[in-house]
Number of protein chains: 10
Amino acid sequence: MLFAQKKAKKLSFETIAKALGRDEVAVAALFYGQAVASDDDVKNLSKLLDIPEDNLFSTEIQAPPNRGSTMEMPPREPLIYRLFEIIQNYGYAYKAVLNEKFGDGIMSAISFSTHVEKEVDDKGEWVVIKLRGKWLPFSRF
Amino acid sequence: MLFAQKKAKKLSFETIAKALGRDEVAVAALFYGQAVASDDDVKNLSKLLDIPEDNLFSTEIQAPPNRGSTMEMPPREPLIYRLFEIIQNYGYAYKAVLNEKFGDGIMSAISFSTHVEKEVDDKGEWVVIKLRGKWLPFSRF
Amino acid sequence: MLFAQKKAKKLSFETIAKALGRDEVAVAALFYGQAVASDDDVKNLSKLLDIPEDNLFSTEIQAPPNRGSTMEMPPREPLIYRLFEIIQNYGYAYKAVLNEKFGDGIMSAISFSTHVEKEVDDKGEWVVIKLRGKWLPFSRF
Amino acid sequence: MLFAQKKAKKLSFETIAKALGRDEVAVAALFYGQAVASDDDVKNLSKLLDIPEDNLFSTEIQAPPNRGSTMEMPPREPLIYRLFEIIQNYGYAYKAVLNEKFGDGIMSAISFSTHVEKEVDDKGEWVVIKLRGKWLPFSRF
Amino acid sequence: MLFAQKKAKKLSFETIAKALGRDEVAVAALFYGQAVASDDDVKNLSKLLDIPEDNLFSTEIQAPPNRGSTMEMPPREPLIYRLFEIIQNYGYAYKAVLNEKFGDGIMSAISFSTHVEKEVDDKGEWVVIKLRGKWLPFSRF
Amino acid sequence: MLFAQKKAKKLSFETIAKALGRDEVAVAALFYGQAVASDDDVKNLSKLLDIPEDNLFSTEIQAPPNRGSTMEMPPREPLIYRLFEIIQNYGYAYKAVLNEKFGDGIMSAISFSTHVEKEVDDKGEWVVIKLRGKWLPFSRF
Amino acid sequence: MLFAQKKAKKLSFETIAKALGRDEVAVAALFYGQAVASDDDVKNLSKLLDIPEDNLFSTEIQAPPNRGSTMEMPPREPLIYRLFEIIQNYGYAYKAVLNEKFGDGIMSAISFSTHVEKEVDDKGEWVVIKLRGKWLPFSRF
Amino acid sequence: MLFAQKKAKKLSFETIAKALGRDEVAVAALFYGQAVASDDDVKNLSKLLDIPEDNLFSTEIQAPPNRGSTMEMPPREPLIYRLFEIIQNYGYAYKAVLNEKFGDGIMSAISFSTHVEKEVDDKGEWVVIKLRGKWLPFSRF
Amino acid sequence: MLFAQKKAKKLSFETIAKALGRDEVAVAALFYGQAVASDDDVKNLSKLLDIPEDNLFSTEIQAPPNRGSTMEMPPREPLIYRLFEIIQNYGYAYKAVLNEKFGDGIMSAISFSTHVEKEVDDKGEWVVIKLRGKWLPFSRF
Amino acid sequence: MLFAQKKAKKLSFETIAKALGRDEVAVAALFYGQAVASDDDVKNLSKLLDIPEDNLFSTEIQAPPNRGSTMEMPPREPLIYRLFEIIQNYGYAYKAVLNEKFGDGIMSAISFSTHVEKEVDDKGEWVVIKLRGKWLPFSRF
């Protein structure tokens, strides 16, 4: 329903994201059932997409979602595979650099945000993806 | 040998990276056999790590590596798993946003660079990972 | 719908490909949801297959597809398995030859086209598949 | 031993291939234990690489090899993955086109040869891989 | 439809096979969508099974099938597992004997036929399965 | 040791099989640790291969072997894959025909023998593999 | 249908088994499509479960079933996992003891019956599962 | 060491089991590192196998073992596969019968013993395996 | 139905658990078909959720469930993955400590209960999960 | 070395844990390379286990470990499998209860501690495992 109305209204994720005060990746994640909508999000989506609020409240977009269920790994989709391949090739390099910079811990994927930018130069178009997560040191116990 | 000398000399990837004019993730990748060293890299590494140049030229760090071979997927290591999980959860969201912004294609993992930053605010320390790849549209044929 | 009309009209991929100015493998890929149709493609398909343009515009053939989803790997289908087996047997040989000829990089599967020919000689019929992809060197960073 | 002498002698697969009257992919396959050397190949390799003939005759390069054993599928190596991805994305398209052109059968991966070319144009360098296999129709029984 | 009519008519694969001039394994394979019917096969099946010819022509039994799709490997079905186990246990023995007898190549599963016989002796009933395939030597290239 | 002496003595499996009064596939299986040698087999092998009897008695060829351990499934080796593919494509057809001919049961892979023949006609060389196993009906309980 | 009527009639597998002259495990297997019903079984089931004979004859319970298809391995269901774990932990111990007692062969799972008993002592209730299978020696060939 | 001495002394598991007052399957499990030896077991094994007690005390046979590590599932070994297949085919039947007889719970594989018997009748030799485990009802909480 | 009525009545698992005299994790497990309801549970649920008792008695919540079937492992859902990761990282540590404290055995997952608490301190909110299972020593046999 | 000295000194994890001021599960994790030792830990371990400090400083116990690498999932070891099974059976129940109590987020496995207790009552011995992790809400972005 969300996708259908988005298409009918010819709205981009960028436009919806601005209206909701959220990032467009978060909005796309919300459409794919990988993120949660607040009450205000529901009201805004209702207006933008012309869907009665009740329909949205009754949908699953407000409950903690069953994240990860839509994606098979390794991904077969070429665009997503390239992202997967970056982790596959540079995983230990990231770990080595982060452990050196921060100590023993992880970058949170929960206290986390991400943002996508387009850059253009004379060599062509470039995608810039920023991943920003809280550093969590392993507890000593 | 590279890791042992790095430890003995107490050199960080950051220091080595500066000396080589490369990013520290690229240097760590080089140590893990996931990236290639140029002739100048070999000379600089030789000096920094106090390893005879010939030893480095004769090692595998100058040949196109067998990338991906060190990593098992899904990763069991918690830090790397978090990166994997980001792709698992947001993969389709990235695809949707990128297709909307750029059309039908992929972000290259080859014409690609990455960089890691530490940010600190009153909530704690944050990791920022930047992925930058060339946009490649699918050829029409 | 596409397959049904193609059968009803007794059109070969070759015929359709000529009408669209595309390669027959690309057309078959389009039918399987592995490639994208341009606006002109839609118009031409509409005429050829006698399907109202709106039906085609409303189908998924114009959106960036979820590539790879139709194929299970390793393939169980004998014809496709043979292609898979060529990669399995000669993968490292291709890599060695390409690295020697081009340096450290990959052949793009995105800036890519492919073409199929039939050759006949006194030993029988031969399939010739040509794969043509842009060489992408790994970025130094 | 083969790889070490090839490196020491600074011989390319192309050079060796010419001396043996074979394709360079076949020679690389032979080095990786995926193809068989004839008696003449052994003699020529012996001269080129400065290895006593007996050493080569006693090695495994003349016995039918245990093909496929060096490669894990899906490949994690980026160059080989791209070839794999072509089969994953276009497998059913190839099947559809070949069945239409040849009937019910397969392209042999045994009565098979392959060849790699470099093409250069103003957009950059291109890899062209040619796969040529005998068409085998399914027997009626 | 084929199975239902076969049951209703109480026809064995053996009977159908004789009427079609084919082997009963081939007929069973045809019923499971693993083999192709010729125009004459369709006519004969139509008569035998009392199905209008058009229904059969419009079914999938005349198109090159998506072979292998009905079977999960390793098979869980005990009868089929025993066949699988024979390959698992004797695979390398077959390879060693065939390479010795024929050289470097394979037995084709395409230029191939198979036949099943029942033998009875004082120890009980015995199944004899004959596999007959063309020997294909690896091409030298 | 067995393979080395066989090679040194230039003995074929066929020759050894005749000397042992066994089938050459069984002998190859014995060499691969997939079959058991009797005391007489040991004596004969000792003579043929010029290996002291005690060495053979002390090897594992007389103990019930850990069958299946040498083979990975699905096989990547092309010759063995073709055999695997026959089961994959015709498994249910064999089951249907055997159930029709024999009732509810299996063909034993234990009370089992196999034999390989070469046939030559004007189309080329053919491999004929015969599988012969006892029919075991499921017990009613 | 079988399960529904069994529940409606409040019949245990034990009761049905007695009426059929079979073991209750066999009857449960029959309900799950893992065993075959004889004509008498059908008549008896028809009476017991109050299902018209024709319905049962027309169901699949008389055809050789596609055994194994209902079970995923390793089992996730705790009771069945415990049985699986017994094989996992004691598999080689069983093999060692059986080879010592019987020679080189297997215990048939086809010429096979099984029976479940309840025992009660002061420590609680105990399950006793008896597996009884014919010993099949590997044929010498 | 245990296996070597057992062979040298020509002791069967049955003989060792009697000397230890344990079941022969338990003894075989102990040899494979799947069960624990008590102090008395060690003394008895020491005498029987002529191994100094200290060697046995210093081996791993007295520590809680890493059970399950020797076995790959599904088993490829034919004898063990048959046991696995019994669980695969009759798993749900066992569950149905046990739940009916005992309620909601499992048969313990820990409070568990097993025993193997040979039976001979005019049809041949039969293996009887008895599995005996404590019934554990699921706790209500 | 259970979930729908729970939502409609705005009942928490905590509230339902109190009314049933059970733990809230057990109640959630019951909703997911991973636990069994007693007759009293059914009556209480009927009142609380305003569902006729007969509907609940006729549902599956009183039969021994097919546990484990709802969960894919490794879990892709982030919250559940964290629990999985704890076992992955600390599994052998738990085993070492428990074997040291209790001897050779396991903690039962059947004679088992679990409870979840929320703790709040100045660092934030904390989840405390208590797992309590009976210790079962391996039987000596 | 750590395990050997622990055994030689007959030290329990409990004793070592007290001396280090850490939990015994953490100490066992440290021995298995799943946790990090502080400088004080190294000094204390050195004294307790009679290992020169330098040996410990030079070992890997102070570097961020490659966690998860020692454990295969699903675990085949029975004790660890039971813990795995708890997650498999109650995973969604935990998620439902935690989401209800805390909102949309996860329990951290990094800001995490765990503790094991033995309880004894008239029914026997009980294991109590406490898992305590910080609640991390998903960031809104």
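Using the Cα gyration tensor of the protein assembly as shown, with a ≥ b ≥ c the square roots of its eigenvalues, what is the shape: rounded (a/c below 1.5), prolate (a/b larger than b/c) or oblate (neither)?
Taking the square roots of the gyration eigenvalues as a ≥ b ≥ c, the protein assembly as shown is rounded.
Tell me the carbon and sulfur percent of the accessible area for the protein assembly as shown, rounded to whole percent, probe radius 1.4 Å.
Carbon and sulfur together cover 50 percent of it.
Note down the nm distance, to one decimal, between modelled labels 7 Å out along Cα→Cβ at A:A19 and at C:E60.
About 2.6 nm separates the two model spin labels.
For peptide F:60-67, what's the mean number of Cβ atoms from other chains within 10 Å of each residue's Cβ?
5
Please identify, among E:R22, E:R82, E:R67, the residue showing maximal mean-square fluctuation in a Gaussian network model of chain E using a 10 angstrom Cα cutoff.
E:R82
Where does region D:86-136 land on Rg(C-alpha)/(2.2 N^0.38 Å)?
The reported ratio for this selection is 1.41.
Can you give the mean number of other chain Cβ atoms that lie within 10 Å of the Cβ atoms in peptide I:25-31?
Counting Cβ atoms of other protein chains within 10 Å of each residue's Cβ and averaging gives 6.
Hey, could you get me the Stokes-Einstein D for chain D, Kirkwood radius over alpha-carbon pairs, 10 °C and 1.306 mPa s, rounded to whole µm² s⁻¹?
Translational D for this selection: 90 µm²/s.
Chains C and D: how much accessible area gets covered up at their contact, both sides added, probe 1.4 Å, in Å² to the nearest hundred?
7100
How many angstrom lie between the C-alpha centres of region H:1-62 and region I:76-140?
Each part's Cα centre sits 34 Å from the other's.
Nearest 500 deg cm²/dmol is fine: what mean residue ellipticity at 222 nm does chain H get from its DSSP H runs of n ≥ 4 alone, each adding -39,500 (n - 2.57), divided by its residue count?
Only helices count here, giving -14000 deg cm²/dmol.
Counting each pair of different Cα atoms once, what's the Kirkwood radius of region A:33-95 in Å, rounded to one decimal?
14.3
Using only protein heavy atoms and a 1.4 Å probe, report how much of J:S139 is accessible, in Å² to the nearest 10.
Surface accessible to solvent at J:S139 totals approximately 40 Å².
Within 10 Å of each Cβ in peptide A:38-47, how many partner chain Cβ atoms are there on average? Round it to a whole number, please.
Mean shielding by partner chains, rounded to a whole number: 0.
Which one of E:N99, E:N89, E:N66 has the biggest mean-square fluctuation once chain E is modelled by GNM with Cα springs under 10 Å?
Judging by the Gaussian network model, the answer is E:N89.
Going down the table (E:K95/G:K95; H:K43/J:K118; E:K134/F:K130; G:K130/H:K118; I:K95/J:K118; F:K134/G:K134), which pairs top 22 Å between alpha carbons?
Result: E:K95/G:K95; H:K43/J:K118 exceed 22 Å.
Just grab the label-to-label distance for H:E119 and F:F141, each label 7 Å out from Cα along the Cβ direction, in nm (one decimal).
Computed distance between label sites H:E119 and F:F141 equals 0.8 nm.
Once a ≥ b ≥ c are taken as the square roots of the eigenvalues of the Cα gyration tensor of region A:1-58, is the result rounded (a/c under 1.5), prolate (a/b larger than b/c) or oblate (a/b not larger than b/c)?
rounded
Measuring with a 1.4 Å probe in the full set of protein chains, what accessible area per residue, in whole Å², belongs to chain G?
Counting only protein heavy atoms, the per-residue value for chain G is 39 Å².
Among D:E53, D:E72, D:E14, which one moves the most in a GNM of chain D with springs linking Cα atoms closer than 10 Å?
Sorting by GNM fluctuation, first place goes to D:E72.
The values are calculated or read from the model by the stated rules, or taken from the named source; none is laboratory data. Computed from a predicted model, the values in this text were never measured in an experiment. We place every Cβ from the backbone using ideal geometry, glycine too, and count neighbours over all the protein chains shown. Ligands, DNA and RNA are stripped out before the accessible areas are found, and what is left, the full protein with its side chains, is counted by its heavy atoms. Shrake-Rupley method; radii C 1.70, N 1.55, O 1.52, S 1.80 Å.
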